[in-house]
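The values are calculated or read from the model by the stated rules, or taken from the named source; none is laboratory data. If you're wondering where the values come from, they're calculated on a predicted model, not measured in any experiment. Cβ sites come from the backbone with ideal geometry, for glycine too, and all protein chains shown count toward neighbours.
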Amino acid sequence: MQITCPACAATYEVPDALLVPGRRARCARCGHEWEPSADAPPTPPEIAPESAPAPDSFLRIPEAPLVATPERRIAAPQKPPRRRPGVAIWLGWAASLAIVVYAGYAAAHHRGAVMRSWPPSTRLYSALGLTAPAARPPAKP
């Protein structure tokens, strides 16, 4: 059943089981207490003439009445269909793999030059079981 506050006209949706004779209701908006009756229609409040607002009225925010609303279900957004990766993706992966393989080959093949230019790398090569290649004799002119 819908009841209305006689002081401020706030309306509330209240189950019929809660409306028993002698039970008082309190308005959440203005705090007015009254005894609602299930058989009497709500009376509209008297409208007071407009007057100047109180100095502190701009600081107070009136509370909205608690009104039960029907449950609404919102549909979840649908995901777009998954696209198959294109040729460009596969070419990118192949190029990346080729670069890594070539870098590994170059590091192993030119390990002597790497060890001479960066001495701490000798520990890495020895841990991998690779030793410095034998020094080549200088070329004769």
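Tabulated data
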read-out	value
Count of residues meeting criterion [surrounded by 10 or more Cβ atoms within 10 Å (Cβ to Cβ) and at pLDDT 80 or above] in segment 129-138	3
Exclusive hit being at pLDDT below 70, over 30 Å from ALA17 (Cα atoms) and hydroxyl-bearing (Ser, Thr, Tyr), set SER57, SER117	SER57
Odd one out for MET115, checked against (1) surrounded by 10 or more Cβ atoms within 10 Å (Cβ to Cβ); (2) at positive phi	(2)
Only one of ALA48, ALA38 that is loosely packed, with under 11 Cβ neighbours inside 10 Å and at pLDDT below 90	ALA48
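Matching residues to (1) under 30 Å from MET1 (Cβ atoms); (2) at pLDDT 85 or above; (3) among the aliphatic types (A, V, I, L, M); (4) surrounded by 10 or more Cβ atoms within 10 Å (Cβ to Cβ):
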{"site": "LYS79", "(1), (2), (3), (4)": "no, no, no, no"}
{"site": "ARG83", "(1), (2), (3), (4)": "no, no, no, no"}
{"site": "TRP90", "(1), (2), (3), (4)": "no, yes, no, yes"}
{"site": "TRP93", "(1), (2), (3), (4)": "no, yes, no, yes"}
{"site": "ALA103", "(1), (2), (3), (4)": "no, yes, yes, yes"}
{"site": "HIS109", "(1), (2), (3), (4)": "no, yes, no, yes"}
{"site": "SER121", "(1), (2), (3), (4)": "no, yes, no, yes"}
